[in-house]
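Following: one structure in structure tokens, then a few remarks.
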Amino acid sequence: MKYKKYFRKTSLKQDNIGEQFLKEIASKKPHNFLEIGVFHGVTARNVCELLHSIHQDDFKYIGLDLFGESTENSGEIIPNTMFNNPIKKIYFKYILRQDPYSLIAVTSLLKKFKDNIHLIQGNSNSLLQKIDMSKIDYVFLDGGHAYETVKSDLNYSSPVLDNNGTILCDDYNLSYAPGVKKAIDEFIEINKVKSEILFDRFVKIEKN
Ligand SMILES: C[S@@+](CC[C@H](N)C(=O)[O-])C[C@H]1O[C@@H](n2cnc3c(N)ncnc32)[C@H](O)[C@@H]1O
């Protein structure tokens, strides 16, 4: 399945990485997918299209993001939300009149799947513990890149592994965010779980 960009920004922008990512998700056929770090919602929309093609309406997508800069996330690496392309700037500012990095804009991008999605605005450090993980069978961890945040995200996501589920972490080995690798390596070591590096950027974690 092709990974579409929907005229927005995404971290899965390099050639073919989006397709490889979707192929990996398709191999697991999850019914209840959680994305930590939604940003413009491009991966969210692609995942919903994929899960809909596999399960029709029998799937759920939950997305969690700060959706906006605040003092709460000043320590986090937030991707540049501004477009270099002037056509995109005009499209969002004057035609859609939306900030693509907002709950409203992502809700609108996913409106086709309104009955299957649940978008949550907030900080994973405080919100993940309120999410019922017992039904989630796939987590795409791509939110905050600070060591403490990744550590906390992994710990709160870990019940998914007991459901025979998968945690896929992005940005392992990112030179400017070494806390990601440190937190992932520690989690794997402490919990004695199975891990595999995929496409030189993701780490797939599953139960041994
Ligand atoms: C790399 S982007 C996500 C890209 C998206 N997964 C994609 O494929 O296009 C990281 C996102 O994590 C969010 N984020 C950073 N720290 C967070 C936190 N503590 N809680 C929730 N979201 C966070 C940022 O707002 C940003 O949108």
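General remarks:
- The simple spin-label model puts a point 7 Å past each Cα toward its Cβ; for ILE188 and ASP162 those points are separated by 2.4 nm.
- With all protein chains kept in place, the per residue accessible area of the chain amounts to 51 square angstrom at a probe of 1.4 angstrom.
- Beta bridges by DSSP in the chain, antiparallel share as percent, to the nearest 5: 30 percent
- As a calculated quantity, the FRET efficiency between GLU196 and ASP115 at R0 = 45 Å, using C-beta atoms, amounts to about 0.85.
- Surface composition of the range 17-206: carbon plus sulfur atoms contribute 52% of the solvent-accessible area (1.4 Å probe, protein chains only, all chains present).
- Average projection, convex hull of the Cα set of the range 17-206: 10.8 square nanometres.
- Net charge over other residues, Cβ less than 11 angstrom from the Cβ of LEU198 (K, R count +1; D, E count -1): -1
The values are calculated or read from the model by the stated rules, or taken from the named source; none is laboratory data. Small disclaimer: the values here were computed from a predicted structure and weren't measured. Every residue, glycine among them, receives a Cβ derived from its backbone with ideal geometry; neighbour counts consider all protein chains shown. Surface accessibility is based on the protein's heavy atoms, side chains included, excluding ligands, DNA and RNA. Shrake-Rupley method; radii C 1.70, N 1.55, O 1.52, S 1.80 Å.
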